[in-house]
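The values are calculated or read from the model by the stated rules, or taken from the named source; none is laboratory data. These figures come from a predicted structure and were not determined experimentally. Neighbour counts are summed over all protein chains in view; Cβ atoms, including those assigned to glycine, are modelled from backbone coordinates with ideal geometry.
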Amino acid sequence: MGRNLIKNVWKLIQVALIVTLVVVVDSSNTKVEMKVLNDNYNKSIDLSTMALKLKEDIANDLYSAKDTYTGDLTGYTADCPLCSGHLACLPNYNVLSGVETYQDISYGNVRIVASSSNLACGTIIRFNKPTISENPVIAIVLDRGVLGNDIDLLTNNLDYAYSSVGRSAITYDILRNGW
C-alpha cells in the first residue's frame, strides 16, 4: 500500500504542477486593451477651406520681406551710352525695343532693375515710389552697372527716367534672393 500511496501523491503533484503551469501561462498571455476617448464626433475636414488657407499662406510668404536695404534709386534706358540693350543676367533678352518688364514664374509681370553684385540675378525686390506707381513696385534684378545697394530702374525713355524716377534714397525689401 505504501507504493500506491506514493504513486497517487506523485500523480497529484504532477496534476498540481500542470494546473499551476497552465494558470501561469494563461495569465502571462492576457492582453491589455486600452481605449482612446475620441470627442471629435461630427467634426469634418473642409478640404476646400484648407486649400484656400494654404494658397493664402504661400501668397503671403511670396510677398514677405526676407531682408531690407537702403540705397539710391535712379532710372536708365536700354540705349544709354554704356548700355548694349542686352541684360547682364539674361544676355539674350533684348530690351532695345522698349521692353521694361519681365514675366517671372512666381511674381508675374515685374519691372527690371540693375543692381550691383550685392544682389544675385533673379532677386525680386519691392519698393514704393509714388511718381512711378501708387502701388508698391515689384522688380527683378536682371542687369548690373550700379554700386553698393543702389538700384537702377529700366525705363523706356530718358524723359521718364528723369521726371518720374529721378534720383532718390529708397528703402526696398528683398522678396526672393536670386533664382
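Tabulated data
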read-out	value
Residues within the stretch 90-137 that are within 20 Å of Y162 (Cα to Cα) and outside any loop (DSSP other than H, G, I, E, B), tallied	8
Top-ranked residue in the stretch 157-179 [being within 33 Å of the chain's Cα centre (by Cα) and outside any strand (DSSP E or B); ranked as modelled with the lowest pLDDT]	W179
Any hit, the stretch 108-128, residues being farther than 19 Å from A88 by Cα, in contact with a helix residue (DSSP H, G or I) (Cβ under 9 Å, 6 or more places away or on another chain), in contact (Cβ under 8 Å) with a residue 40 or more places away in the chain and surrounded by 15 or more Cβ atoms within 10 Å (Cβ to Cβ)	no
Pair list, Cβ under 6 Å, 6 or more apart: the stretch 146-173 residue among the aromatic types (F, W, Y), other residue modelled with pLDDT of 95 or more	Y172/Y69; Y172/I125; Y172/F127
Hits in the stretch 146-177 - residues which are under 14 Å from S117 (Cβ atoms) and loosely packed, with under 15 Cβ neighbours inside 10 Å	L147, G148, N177
Residue among L96, L90, L119 that is of a type outside the set (S, T, Y), farther than 22 Å from N135 by Cα and over 31 Å from the mean Cα position of the chain (by Cα)	L96
